[in-house]
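Here is the structure we will look at.
Every number in this text was worked out from the coordinates using simple rules, so none of it is lab data. Nothing here was measured: the structure is a model prediction, and the numbers come from that model. Every residue, glycine as well, gets a Cβ built from its backbone with ideal geometry; the counts of neighbours run over all protein chains shown.
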Amino acid sequence: MANEDDTTVATTVIRNADWVIAWDEGAGHHTYRRNTDIAFADNTITFVGRNYPGAADRVIDGKERFVLPGLIDIHAHPEHEPLYRGVREEHGLRNMYMTGLYERSQAFSAPDDEARAASAEFAYCELLLSGVTSLVDISPAWDGWIDLFARSGMRGFLAPGYASARWRLTNDFELQFAWDEERGREGSRTALALIDQAARHPSGRLSGVVSPMQIENCTAELLRDSRDAARERGVPFTVHIAQSVLEVQEMIRRHGKTPVQWAHEIGILGPDTILGHALFLDAHSWIRWWTKTDLALITDTGSSVAHCPTPFARYGQVMENFGDYLRAGVNMGLGTDTTPHNLVEEMRKAAILARIAARDVAAVTTADLLHAVTVGGAKALMREDLGRIAVDKKADLVVVDLGVAQMIPARDPLRSFVYHAADRAVRDVFVDGRQVVAEGKVVTLDQAAAGERMVQAQRRMLAAAPQRDYRGRSAAEIVPLSLPLAD
Ligand SMILES: [Zn+2]
């Protein structure tokens, strides 16, 4: 690997930034600051205020710049989701309460490690270009993952997935399961070894998250042991839960309890647990289960929720609603469960969908969403040194160009960024004090080359569909193009 310190300078100062989102520790919230200097030495912020008095090895002019803390994405699947571009946007089964998850994952998956490498590199670029500096990457363990992630320069929380069962379909309405408990055990051993390897990486930016994949696909024993393994290592634990109506019905059929209630019963909820989605709670209008205790169980145990609006919204599903979870006291973070990996667009969708679900403009505020992608994510990851611009915090910074058309007028630059410009205005990104995006280009990876390799990888994935699909259909039969193709 190339020397990663080549581009790091000892002290950098962003001089006189027009706008900064700084962390007010006493008040416990972010605040705007004008005409502010930010200095960082190596990977740590050393000064936030007017007229930095010290020496600097590099000075960045802050004129027409808006600096915000690096964004934290606590749920993503980079090794395959970009391969679904053009495949999954409208793919869902009405007979499965609109979800396409089960049919799609059975018919289409990354065909090989070359496909995974191309897909992940492409996704990492999308993430960096939208200002993500920390990522929970939930993927099956694959060769080259740690090296690629380290090369990206992003802060990595590698979450190698495993499970005791796989989903199995024989029709389009019933979710069945193929159990192989030893496979789950073996997968957990591989995952823990990879997490330990990541933690030893010399970059110091990598660590792990223990990630049994889905609540309904794991035995109670595997889930409990996984939770213990996470605690031993002092790392978070995550699991997909309450992500489809069929899953909730299956858990009620098995246990007489919702997935969240069963998770609580077996002891896997807690402050180090991140619940992937937790969208179909008992009180959700598509579930209407009688208990109405799920939200309180999440709150009382201090568990975090990784909310990913896009994949659900495409099926016609919404969380009910983000604002109610916040007011109940749940620590909320955001993720990019699918492509595009654009966390700023997820903020916008989360805000708008919460207001639609609540039929209330005051359901959430833009400040709530900013909190979720910074401090909320950091709390979920048990990292108080991330997600805030303040002295002694990690130098993970996003520099936005106020001169970009969609930012003008920048009366309220956060609103311009979230509701208008998004990634188009991201100019420079620093992770751990090291510049990874410069003038809107990723400097650590090659998105164009990854894109070319991904086109080939998607062809291989689509070609394999008839062997994988339960009805032996071609990709074109499972997911027709949006328009007919003329001769
Ligand atoms: Zn997911």
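Side notes on the structure shown:
- Taking other residues whose beta carbon is less than 10 angstrom from the beta carbon of ALA306, and scoring Lys, Arg as +1 and Asp, Glu as -1, yields -2.
- Summed side-chain charge close to ARG359 - residues other than ARG359 whose Cβ falls under 14 Å, Lys, Arg +1, Asp, Glu -1: -2
- log10 of Debye I(q)/I(0), alpha-carbon scatterers only, for the chain at 0.06, 0.07, 0.10 Å⁻¹: -0.26, -0.35, -0.73
- Whole-number D in µm²/s for the range 118-162 (Stokes-Einstein; Kirkwood sum over Cα pairs; 25 °C, 0.890 mPa s): 231
- For the range 54-106, GluC sites (Glu not before Pro) are listed when DSSP marks them as loop and at most 15 other Cβ atoms sit within 10 Å of their Cβ; the list is GLU90.
- Loop-located trypsin sites (Lys or Arg not before Pro) in the range 365-471, at most 10 other Cβ atoms within 10 Å (DSSP): ARG411
- Residues ARG34 and ALA55, FRET efficiency given R0 of 35 Å [Cβ-Cβ distance, rounded to 0.05]: 0.90
- Distance between the C-alpha centres of the range 248-270 and the range 405-434: 41 Å, rounded to the whole angstrom.
- Formal net charge of residues neighbouring ARG200 (Cβ-Cβ distance under 15 Å; K, R +1; D, E -1): 0
- Qualifying trypsin sites (Lys or Arg not before Pro) in the range 148-228, where qualification requires a DSSP coil assignment and no more than 13 other C-beta atoms within 10 Å, comprise ARG200.
- Residues of type lysines that LYS292 reaches as a straight line, Cα spacing below 19 Å, ignoring anything fewer than 8 places off in the same chain: LYS257
- Relative protection proxy for 304-311, 335-342, from highest mean packing down: 304-311, 335-342 (other beta-carbon atoms within 10 angstrom).
- Square roots of five times the Cα gyration tensor eigenvalues for the range 187-259, Å: 29, 12, 9
- Residue-averaged [θ]222 nm for the chain, counting only DSSP H segments that reach four residues, each worth -39500 (n - 2.57): -9500 deg cm²/dmol
- Acute angle (nearest 10 degrees) that the helix 343-358 long axis makes with the longest principal axis of the chain, alpha-carbon atoms: 60
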